[in-house]
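Rule-based calculations on the coordinates, nothing more; no lab input. Note that the structure is a prediction, hence the values are computed from the model and not measured. Cβ: placed from backbone, ideal geometry, glycine included. Neighbour counts: every protein chain shown.
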Amino acid sequence: MALLHVQDLKTYFFMRGGVVRAVDGVSFEVERGQTVGIVGESGSGKSVSCYSILRLIDEPGRIVGGSVMFDGEDLLQATNSRMREIRGGRISMIFQDPMTSLNPFLRISTQMVETLRLHTDLDQRAALHKAIAALEEVGIAEASKRIHSYPHEFSGGMRQRVMIASALLTEPDLLIADEPTTALDVTIQAQVLDLLKQRQERLGTAIILVTHDLGVVAGTCERVNVMYAGRDVESGTADQIFYDPHHAYTQALQKAIPSLQTKGDLLYTVPGMPPDLSKPVQGCAFYPRCPYPKLAPPDGPPPELVVLTEGHCAQDCQYCDRSKPIEDVLTSDVTEAFE
Amino acid sequence: MSGSVEAVLGADEDVGREPATPEIERGASLWRDAWHRLGKNKLALISLFVFIAIALFCVVGPFLSPWDSQQQDLMIGAQGPSATHWFGTDTLGRDLMVRVMEGGRISLMVGLIATLVALLIGVLYGATAGYLGGKTDAVMMRLVDILYALPFTIFVILLMVAFGRSLWLMFVAIGFVEWLSMARIVRSGVMALRKQEFIEAAVSLGYSHRRIILKHLIPNVLGPVIVVATLTVPAVMLLEAFLSFLGLGVQPPNASWGVLINEGQQNMEIFPWLLIFPAFFFALTLFSLNFLGDGLRDALDPKSARD
């Protein structure tokens, strides 16, 4: 059985202007020790999905439907005190910006020891030793000296290492990494990802990696979930998503990755903006931005997810003409734009 | 105030209670930086020393003086400053220096204790309201608004009528009024912090609300709180003087600076020293606390110092 099974998760934000359907029926599974990537543009509901797993959604947001089965237990039904045991104990989270995710007023040691003592039976001394060992493992030199520093005495990359060390301190079964490398520069990014991989191999932690960087996904994830407008549009193994993308959005995203082989001056961007989620989506959410020739107005129900091959499914869209490959559609588009 | 400022500024030392071997770097806390900046502010530093000196004068002074504050000498009556009575005597022949010292004790005590009461209620209340937000926050802050709207004097008179006059009641009455602004400041600070990632991270690590409020939010808003507290002490002392002046505060034969100033102004033209000495010490205390508060604000929020 999968470690985490998210089924038809729906998280809405009840704003004054209407209901924003930030996550509207997302399903995915994470096996033990597996890395699953969730990709999509800003505002596609990636982060909200992750926060929903740990029930970290604040007013005016609310989880309105679905289930989150973690190790046989539905987290959406769990009591608050049970949730506090799970948070940080069995599921940890790393945040986007390491500059702001450590408390500036407390020493690193205080923060790490506090977490350990909350979730384990270790005493002060043992917890401190374990924290020092954890810092050493993420490559912080002279950890036993540096551990009593304050966060502002660390650089961004080091802080993210500290975050990773803290998150893995209690040896959780699942680590949710919400864009852990977005705020870091590219060299540090690679180091942090390597570190995550390496720690995962040692501890057997499953990872959900939220990112909008397909390059990151390609290097680290076994499975990938592509989200658009609060829904899954495609999911599959990393190979399936990269070499055989089915949905127009996945294809467009993939086209947007700059490659060393192609020469030219204009990088491809997916035209248009993600849809306004406070209005109910008619038919295919991607329709207005879809590069394929339109066939019919999108007034039906959203396209069903269909299984394409083993482990690979995608929304099967009926509103556009998919007979031509995306390369042809795109080149004609770009030429038109230049004329 | 100096005692509690130092207590708070020194508090970071117990934050890391881990077994620390001497060679471990302790790291420079934000408190230490602020302390350092305060040390560079001459006016604030002088104010701090003046305040400590006045406090020592009031607390230790009466033990060293040969006179007793209650000891009347109707034969001499009011006399100007002399070698025997340095500050002179009042109309009942009591030594004014001892009366100023003992009055200072009461004034300072009222100032410190009422501020402490205000601090305790205000910080906990404000932090809770700000952290929980939503409807709880709305209800809690409307209560503060209502209390704000109550006329203070009437409130104190009602309390005095209901419970009788006592010094402790005055602590409670003044503290009860002063916590309101403290609660507002803490609430706004906490609301700004609540959305920060490190609080989100604390929640995601499974910390309870209580723990987050007490250990993660309140230390972060202590900077402005200390400033407000330092500035609240003189405000409270003024309030006490005001109440005593109206006859609602400290009762004879006890005296506070407010009472002494009141007595002094009645005889201002004939025995000016009765007004001058208590007023001088009172003003000096208020000045030093205000300058210290300003200095602390600059030290704890370096951005504001550039203005």
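Straight-distance candidates among the lysines for linking to B:K135, with alpha-carbon spacing under 29 Å and chain neighbours fewer than 8 residues away dropped: A:K10, A:K46, A:K279, B:K195, B:K215. The protection proxy used here, the mean number of other Cβ atoms lying within 10 Å of each residue, ranks peptides A:187-194, B:98-105, B:137-144, B:193-200 as follows, highest first: B:98-105, B:193-200, A:187-194, B:137-144. Sort segment A:17-73 into rounded, prolate or oblate with this rule: let a ≥ b ≥ c be the square roots of the eigenvalues of the Cα gyration tensor; rounded if a/c is under 1.5, and if a/c is not under 1.5, prolate when a/b is larger than b/c, oblate otherwise. Oblate shape, in that a/c is at least 1.5 and b/c is the bigger or equal ratio. Size descriptors for chain A, from the alpha-carbon set: Rg then Dmax equal 21.4, 72 Å.
Mean partner shielding of peptide B:204-213, defined as the number of other chain Cβ atoms within 10 Å of each residue Cβ, is 6. Assuming a ≥ b ≥ c are the square roots of the Cα gyration tensor eigenvalues, decide whether segment B:247-289 counts as rounded (a/c under 1.5), prolate (otherwise, with a/b larger than b/c) or oblate. Cα axes put segment B:247-289 in the oblate bin. Residues whose amide H comes within less than 5 Å of that of A:C320, counting only those at least five positions distant or on another chain, are A:L295 (H built at 1.01 Å from N in the peptide plane). Largest GNM mean-square fluctuation among A:F242, A:F286, A:F105, using chain A with Cα springs under 10 Å: A:F105. Dividing the helix sum by the residues of chain A, where each DSSP H run of 4 or more adds -39500 (n - 2.57), gives a mean residue ellipticity at 222 nm of -9500 deg cm²/dmol.
Residues in segment B:167-182 carry Karplus couplings, in order, of 4, 5, 5, 5, 3, 5, 4, 5, x, 5, 7, 6, 5, 4, 5, 4 Hz; the curve used is 6.51 cos²θ - 1.76 cosθ + 1.60 with θ = phi - 60°, and Gly or Pro positions show x. Each residue of segment B:105-112 is assigned a 3J(HN,Hα), and the resulting list reads 3, 5, 4, 5, 5, 4, x, 6 Hz, derived from the Karplus form 6.51 cos²θ - 1.76 cosθ + 1.60 (θ = phi - 60°), x at Gly and Pro. Taking amide H positions as modeled 1.01 Å from N, with prolines and chain starts lacking one, the residues under 5 Å from A:G37 and 5 or more places away or on another chain are A:L209, A:E222, A:R223, A:V224, A:N225.
Peptide A:141-147 has a mean shielding of 3, counted as Cβ atoms of other protein chains within 10 Å of each residue's Cβ. Our summary gives chain A a relative contact order of 19 percent, counting only alpha carbon pairs under 8 angstrom and 6 or more residues apart.
If a/c stays under 1.5 just call it rounded; otherwise compare a/b with b/c (prolate if a/b is bigger, oblate if not). Do that for the protein assembly as shown, with a ≥ b ≥ c from the square roots of the Cα gyration tensor eigenvalues. Prolate.
Considering only alpha-carbon pairs that sit under 8 angstrom and 6 or more positions apart, the relative contact order computed for segment A:43-115 is 20 percent.
Derived scalar couplings between HN and Hα for segment B:285-293 equal 4, 4, 4, 5, 5, 5, 5, 4, x Hz in order, rounded to whole Hz, by the Karplus curve 6.51 cos²θ - 1.76 cosθ + 1.60 (θ = phi - 60°), x for Gly and Pro.
Peptides A:222-231, A:30-39 ranked from most to least packed by the mean count of surrounding Cβ atoms within 10 Å: A:222-231, A:30-39. Among B:209-217, A:44-52, the peptide with the highest mean count of other Cβ atoms within 10 Å heads the list, and the full ranking is A:44-52, B:209-217.
Within 10 Å of each Cβ in peptide B:190-203, how many partner chain Cβ atoms are there on average? Round it to a whole number, please. The partial results should precede the final answer.
On the way: counts 0, 0, 0, 1, 1, 1, 5, 11, 12, 3, 8, 14, 7, 10.
Shielding by partners across B:190-203 averages 5.
For A:G283, the residues 5 or more places off, or on other chains, whose built amide H falls under 5 Å of its own are A:G300.
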